[in-house]
Amino acid sequence: MRSATSQALKIVIVGHVDHGKSTLIGRLFHDTDSLPDGRMEAIEKMCERRGMPFEWAFLMDSIQAERDQGITIDTTQIRFATERRPYVIIDAPGHIEFLKNMITGAASSEAALLLIDAHEGVQEQSRRHGYLLSLLGIPQVAVLVNKMDLVDYDAARFGAVAETYRAYLASIGVEATGFIPISAREGDNIATHSTKMPWYQGPTVLGMLDGFQPRPPLADRPLRMLVQDVYKFDQRRIVAGRVEAGRLEAGDEVVFSPSNKTARIRSIEAFAVPETPSAAAAGESVGVTLETQIFVERGEVMSHLEQAPMETNVFKGRLFWLGREPLTVGAQYTLKLGTLECPVTVERIDRVVDTEALDRDDKERIERNAVGEVVLRTRRLLAVDEHHVSAATGRFVLVHDYVPVAGGQISMAGYPDQRNLVTVRSTNITAVGHGVTLDARTARNGHQGAVLWFTGLSGAGKSTLALALEAELFARGYQVYVLDGDNVRGGLNANLGFSPDDRAENIRRVGEVANLFADAGFIVISSFISPYRSDRQRARAAAGERFHEIYVKAPLEICEERDPKGLYKRARTGEIRDFTGVSAPYEVPEDPQFVVDTAALSVEDGLAELLAYVKQRLLT
């Protein structure tokens, strides 16, 4: 007996033109007894009157006509049920329609069936659909090799098609849930195992569907309420929004991101309800009042403290480009993320996949109807999640001249969560002065205190130049000291690893220590890769005008040739994860105070240029 209470699983069915999608859907309706009464008989009589063979696709065409009129099936979804549970097919009637619906329709699917014609084999659109399903983050994809009756149910042909497509999926980082040989027209391996393919022992299509796992209910996920607005009624300030995931109750302590303001919920407000609710869950639009009056604005994300979203001003985006003009590096758009809108700049294009030719290459632009992987940067912090954690805060739209031009997913791979780097937790602190003034220290030392922040790829020559400069300045009587990984990670930062978050915290601490050295009148030379621009900006903010960003410049290929510690070799073999320049990003300084090109200069020449800079900028 079918379950009437289980939640419907959303699936999308895609395939190359004429690979049998409509026939499969017609079969699924018939074999699960999901057809309206008399529909099968009516189609059979129609075919008989017209003297044409019966086609299962006619069932889908008939259902489609009713759907378009809004009679039996709603405007975007087709429903059927197995013994285990109901299903909703997200309608993707063709390639262009599928792309246009990727953010709203197919993107909400929990699984996919992808059809390939056994006779024609893997086609361009088959590969395109596979990539787009990957782009959408649909975790469960079953590949159906259809029309096996046209190849005499040949196991070798099925194996060849399956291996070809399996290899393609592997190249884009996708692992199919399974491959099933079928004949939708004849019903082979749809609801029951085919006697014509005894060599196949895997699940049927319906068995595969029933084996798919639904996503956890939104209410069981971390709380995410997108702030729509703040209203003032009598003496109450009501923060209103939609609960996209999780649950909240009166008395919960919550944090608003990215402002990082915390408060406790005094009450939950709802309109046109008989009783004031004490709780709310995903899908509900509510308001909350807070015990502490804090300034909150549209675009913020409310969450519980222990499961807050990440905060960043830079992220990777996998997007589909709809704009008439190509997306280019340096272009600015309006980013829509939840209820937030803000300017965003395209910092880098990492990969372009042309949906026509499926070429993958590094390019300077993304043309219309192509997908790509880009790095986007904003001037303000954003509250974000990885797409698989929260779709509401893990998807974005780009807008140009009030027209949506792209939609995509957020990835924070290689980038740190900046929340802990900007949150101030210390209270009741009073600044204490010094018995020695800065002017007195400068007069005694003969130079100003300063932070010379050396940044560049591993192997660029930072440490070599830093130590040479330290020795030369010390010989001339300067107060100078080098901070690098060797003397920082052994003590101050011994508790930190090399994840993006730990590396960011490492640089934050170094920036604060460097500022203390500079405050004491030292010239402190900080020699760290410090790959993230936001981290260097925080170090600059700590030291103020005493901060000098020195870009030790060398291209990646030269740094790999040098590879003084063998780190690149280990990174290329996968032994070292998140290695800057190989598997993690390096953000080149935008406007450094000084550049030392070690690809063109010897150590002696580079040192001479640095000494000249120090004399010009730091000597009294």
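Cross-link reach is defined here as a Cα-Cα straight distance under 28 Å, omitting same-chain residues fewer than 8 places apart; for residue 147 the lysines meeting it are 10, 21, 45, 196. Working from label points 7 Å from Cα in the Cα-to-Cβ sense, the residue 174 to residue 420 distance is 3.6 nm. Modelled spin labels at residue 573 and residue 7, positioned 7 Å past Cα toward Cβ, are 4.6 nm from each other. Between residue 486 and residue 565, full extension at 0.36 nm per residue minus the direct alpha carbon distance yields a gain of 27.1 nm.
A simple spin-label model places the labels of residue 304 and residue 495 2.5 nm from each other, with each point 7 Å out along Cα-to-Cβ. Shown here are the Rg and Dmax of the Cα trace of segment 311-419, at 12.9, 41 Å. A cut-off of 5 Å between modelled amide H atoms, ignoring neighbours fewer than 5 places along the same chain, links residue 313 with 382.
All other residues whose Cβ lies under 13 angstrom from that of residue 399 are scored, Lys and Arg at +1 and Asp and Glu at -1, for a net of -1.
Annotation: extensible slack from residue 271 through residue 201 equals 19.6 nm (criterion: 0.36 nm per residue apart, minus Cα-Cα distance).
What does the net charge come to around residue 585 if you take all other residues with beta carbon closer than 11 Å to its beta carbon, with K and R at +1 and D and E at -1?
On the way: positive: 316, 348, 533; negative: 347, 350, 578, 587.
Local charge sum for residue 585: -1.
Ordering 150, 115 from the fewest to the most neighbouring beta carbons within 10 Å gives 150, 115.
Once amide H atoms are placed 1.01 Å from N in the peptide plane, what residues at a sequence separation of 5 or more from residue 194, or on another chain, have their amide H within under 5 Å of its amide H? Hits under the 5 Å cutoff: 189. For segment 528-592, the gyration tensor built on C-alpha atoms gives a prolate shape. Its axis ratio a/c (a ≥ b ≥ c) is at least 1.5, and a/b is the larger of a/b and b/c.
Expressed in Å, the radius of gyration and Dmax of the Cα atoms of segment 218-307 are 11.7, 34.
For the peptides 181-192, 281-292, residues were scored by their other Cβ atoms within 10 Å and the scores averaged per peptide; the highest-first order is 181-192, 281-292.
Tell me, in nm to one decimal, what length is gained between residue 605 and residue 380 on full extension, where the rule is 0.36 nm per residue of separation less the Cα-Cα distance? Walk me through the numbers before you get to the answer.
Working: separation 225, 0.36 × 225 = 81.00 nm, distance 3.97 nm.
Length difference between fully extended and current span is 77.0 nm.
Between amide H atoms placed 1.01 Å from N, distances below 5 Å from residue 405 occur with 398, 399, 400, all of them 5 or more places distant or on a separate chain. List the pairs from 462/565; 316/569; 363/553; 316/336 whose alpha-carbon separation is above 19 Å, in the order I gave them. The answer is 316/569; 363/553. Residues of segment 480-506 with backbone nitrogen within less than 11 Å of a virtual label 7 Å along the Cα-to-Cβ line of residue 519, please, listed as ranges. Hits in segment 480-506 for residue 519 at 11 Å: none. When the Cα gyration tensor is reduced to axis lengths a ≥ b ≥ c, the ratio a/c is 1.5 or higher for segment 109-205, and with a/b above b/c it is classed as prolate.
Segment 441-517 and segment 136-207 have Cα centres lying 59 Å from one another.
Laboratory data are not the source of any read-out in this text; all were calculated from the coordinates shown. If you're wondering where the values come from, they're calculated on a predicted model, not measured in any experiment. Heads up, the Cβs are rebuilt from the backbone with ideal geometry, glycines too, and the neighbour counts pull from every protein chain shown.
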